[in-house]
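Asks: Quick one: the structure is below, and I'll ask about it shortly.
Every number in this text was worked out from the coordinates using simple rules, so none of it is lab data. The shown structure was predicted, so the numbers you read here are calculated from the model rather than taken from an experiment. Note that we place each Cβ from the backbone using ideal geometry, even for glycine, and neighbour counts take in every protein chain shown.
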Amino acid sequence: MSATTATTQPGSTPAHPAGASIPAPGNNLTGFTLTHDLIRRVIPELGRRLAGAAATGTLDTAAVRGLTTWWQMFTTILDGHHTSEDSHVWPVVLAAEPGLTGVARTLEEQHASLDDHLAGIDEGLRQLATGQGEREVVLTGLLARIAEFDALMHDHLGLEERTMVPVLREKVTAGAYRAMLASLASGHDPMDFVPTMPLLLERAAPEARTFMLGGMPPELRSRYEAEFEPGYRTLVAALPAA
Ligand SMILES: [Fe+2]
Ligand SMILES: [Fe+2]
């Protein structure tokens, strides 16, 4: 996962170190929570946008390409989230709670199988965009794949939130949490994830948005506001209705 979608805002150093100026007790999991909220929203939304456009006869190549661009922003966030969980977040949780080793292994295996569904959805969108295969068959298969992916992802997020998240928030020390965030941030070019942030922050509460954008370097923040966010709004406005 990108540093952003893991747990914090962009920038090499968290602007709000864990334990300081944080509304909820424990470590600040704003980015993590936003990402889980996004996952729960976007997957069924893709299905609704596809089905709605098909029902109104507007699922043309341009509509599919717009949805594909939007979905690829989401999968960039999701890929980064899964990768960072496996490489950084779970190890920190396990250091605090070794009894969760089996759960971490299960989650890692689920990440791999979820990737197979992502590839299947990408392929379905590609077939729709290129007119490959019987359109009705491709669309029906794609919608079924999206629904299955959504159900699996709900189970996956629920397992994380019942087991790993409480430890991450309450038991991992503020120092260990800060070190994890710094390690995550140092391993990423902000341009890997800043262009996707308008999607992540689309429905964020004002305080979460402020937190996530707070550490962004001024020149990147300017570009975010002048380029990435308006570009995202234009993209969404042209998508088939949800
Ligand atoms: Fe996960
Ligand atoms: Fe997660």
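Asks: To the nearest 10 degrees, how steeply does helix 30-55 sit against the main Cα axis of the chain, on a 0 to 90 scale?
Replies: On a 0 to 90 degree scale, this one is about 0.
Asks: Using alpha carbons only, how many degrees (0 to 90, rounded to 10) separate the axis of helix 61-84 from the longest principal axis of the chain?
Replies: Here the helix axis deviates by roughly 20 degrees.
Asks: Further, regarding this structure: If I fit a long axis through the Cα atoms of helix 101-130 and take the longest principal axis of the Cα atoms of the chain, what angle between them do I get, 0 to 90°, rounded to 10?
Replies: Orientation of helix 101-130: about 30 degrees from the principal axis.
Asks: For the range 144-242, build the charge dipole from Cβ charges (+1 Lys, Arg; -1 Asp, Glu) around the Cα centre, then report which of VAL165, LEU220, LEU201 sits farthest towards its positive end.
Replies: VAL165
Asks: Now, a different point. Estimate the FRET efficiency between LEU157 and MET191 by the formula 1/(1 + (r/R0)^6), using the beta-carbon distance for r and 25 Å for R0, to the nearest 0.05.
Replies: According to the calculation, E is roughly 0.35.
Asks: Cut-off 10 angstrom, C-alpha nodes, Gaussian network model of the chain. Which of GLY124, GLY175, GLY31 fluctuates the most?
Replies: Maximum fluctuation in the GNM of the chain, among the listed residues, is at GLY175.
Asks: Around VAL138, what is the net charge, scoring Lys/Arg as +1 and Asp/Glu as -1 over all other residues with Cβ under 14 Å from its Cβ?
Replies: Around VAL138, the surrounding residues sum to -1.
Asks: Continuing with the same structure: Please arrange ASP60, ASP150, ASP116, ASP192 by counting, for each residue, the other beta carbons lying within 10 Å of its beta carbon, fewest first.
Replies: Fewest-to-most ranking of ASP60, ASP150, ASP116, ASP192: ASP116, ASP60, ASP192, ASP150.
Asks: Set Lys and Arg Cβ to +1 and Asp and Glu Cβ to -1, take the dipole of the range 37-122 about its Cα centre, and tell me which of GLY80, LEU107, ALA62 lies farthest positive.
Replies: ALA62
Asks: Starting from the Cα coordinates of the chain, work out the convex hull volume and express it per residue in Å³.
Replies: 114 Å³
Asks: State, to one decimal in nm, how far the label point of ARG41 lies from the label point of GLU170, with both points 7 Å from Cα in the Cβ direction.
Replies: 2.8 nm
Asks: Related question: Among MET180, MET197, which comes first, then next, by fewest other beta-carbon atoms within 10 Å?
Replies: MET180, MET197
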